[in-house]
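Worksheet for the structure shown next.
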Amino acid sequence: MEIYLVGGAVRDSLLKLPVEERDWVVIGETTESMVRQGFRPVGKDFPVFLHPDSHEEYALARTERKTAPGYKGFTVDAAPEVTLEQDLLRRDLTINAMALTPEGQLVDPYGGHADLEMRILRHVSPAFAEDPVRILRIARFAARYQTLGFTIAPETMALMQQMVAAGEVDYLVPERVWAELVKALKEPCPAAFFQTLRDCNALRAVFPEIDRLFGVPQPEKHHPEIDTGVHTLLCLEQAARLSDNPIVRFAALTHDLGKGVTPKENWPHHYDHEVKGLGVLETMCARLRVPNAFKALALQVARYHTHCHKVFELRPGTLTDTLAALGAFKPRHSLLEDFLLACEADARGRTGFEDRPYPQANFIRSAAKAGITVDTTQVLNSKLSGPEIGESIRRLRIAAISEFINQNTINRPSV
């Protein structure tokens, strides 16, 4: 059996990065011969098998021919005559079109090693344009390797722009978009994913809610970067600094969607953008079929991030209700810590504010602690029922948080 290690494992080993999974390509075999040797078929659209011992993926070498629009419009040929070079030619980027022999010899027919050395993301062949998912993939690679100095080859960017102009991205299905987005949110520089999509004109089609923010001004006093789209990507950068949780990063990304729908006559102000953004966010989550955990935090950050920034000005009742909405008084279900991280990313996602302290977070944590430690025994043992119990406990928490605020007024920092 003629076997080669291919794809990301070769690329990352040459970059001296950890190799998380290994994929293999097999030359000169058939589905029947693979099964006879104990491999278990798992490929739905083309012949892929799991090794009987290692359970790593082994795929028959194949070629692909475009037969219809979109990323599923392909005819696959996995005949034994398909060569390694033909299999590598169908791949997206030169840095992913290399292989290693069992003896460790590099097979590099399309210049992938040279592009690794030059830190260039370059398409292997014009066939790149046949699959719109590759636009998302190259944007994700930009998010992964930006810290290493990688850039997109001009001819590859031009090809991506042509694909967008031809309407190829219109065939992307929500599940695939979300899958690539989640992966991008986990990368070191997730903002580069969105900047790449914007550079190739795909952002408008794939994430219209994000694209709509660019060109929308904000007050320069609070936002020296002025542009809301720029602010959004700065927030995402800060969220990546503060947390590796993609849920937090998604909330930072979407917290200001309401500024894209506020009346132009009020610009650069965005009155009630917190509430206006909720419907936009709901629509986006429905279209992309966003999981509930991502959606729940994003909605809370969109709704209450201004409360968090202005916590030193809030009335005790408003602060108490905000904490209740975040589940702060139910620790097992609380969104508070993730909420505070996203809000801190928002505060720091402004030009010149990147390293400013965010004392609001600790103030809110302490207020939540004051509210959660109130003794509710007397209320629960009273003759009150239904909503009366909840309202009585709420009043107790308001009183406790009010006392906490009064005790900390003198030491309250200026922001």
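Here are a few things to note about the model shown:
- The condition of being surrounded by fewer than 16 Cβ atoms within 10 Å (Cβ to Cβ), modelled with pLDDT of 90 or more and hydroxyl-bearing (S, T, Y) holds for only one of T83, T75, that being T83.
- Of M34, M118, all but one fail to be without any contact (Cβ under 8 Å) to a residue 24 or more places away in the chain and not hydroxyl-bearing (S, T, Y); the exception is M118.
- Residue satisfying condition, being farther than 22 Å from T351 by Cα and basic (K, R), within set R176, R212, R198: R176
- Residues satisfying the stated conditions in region 330-349, i.e. more than 19 Å from A240 (Cβ to Cβ) and either small (G, A, S) or surrounded by fewer than 18 Cβ atoms within 10 Å (Cβ to Cβ) (or both): K330, P331, R332, H333, S334
- The residues in region 249-279 that are under 24 Å from S334 (Cα atoms), in a helix (DSSP H, G or I) and of a type outside the set (G, A, S) can be counted, and the count is 8.
For (1) modelled with pLDDT of 95 or more; (2) in a helix (DSSP H, G or I), each residue gets a yes or a no:
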site	(1), (2)
R303	yes, yes
L340	yes, yes
E344	yes, yes
I364	yes, yes
S385	no, no
G390	no, yes
R397	yes, yes
R412	no, no
V415	no, no
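- Positions within region 366-383 being more than 17 Å from L319 (Cβ to Cβ), outside any helix (DSSP H, G or I) and of a type outside the set (S, T, N, Q), in sequence order: D375, K383
- Criterion: over 21 Å from R122 (Cα atoms) and more than 20 Å from the chain's Cα centre (by Cα) - qualifying residue of K186, K221: K221
- Residues of region 198-219 that turn out to be outside any loop (DSSP other than H, G, I, E, B) and without any contact (Cβ under 8 Å) to a residue 40 or more places away in the chain, as a count: 5
The values are calculated or read from the model by the stated rules, or taken from the named source; none is laboratory data. Just so we're clear, the structure is a prediction, and the values are computed from it rather than from any experiment. Cβ coordinates were reconstructed from backbone atoms using ideal geometry, including for glycine residues, and neighbour counts include every protein chain displayed.
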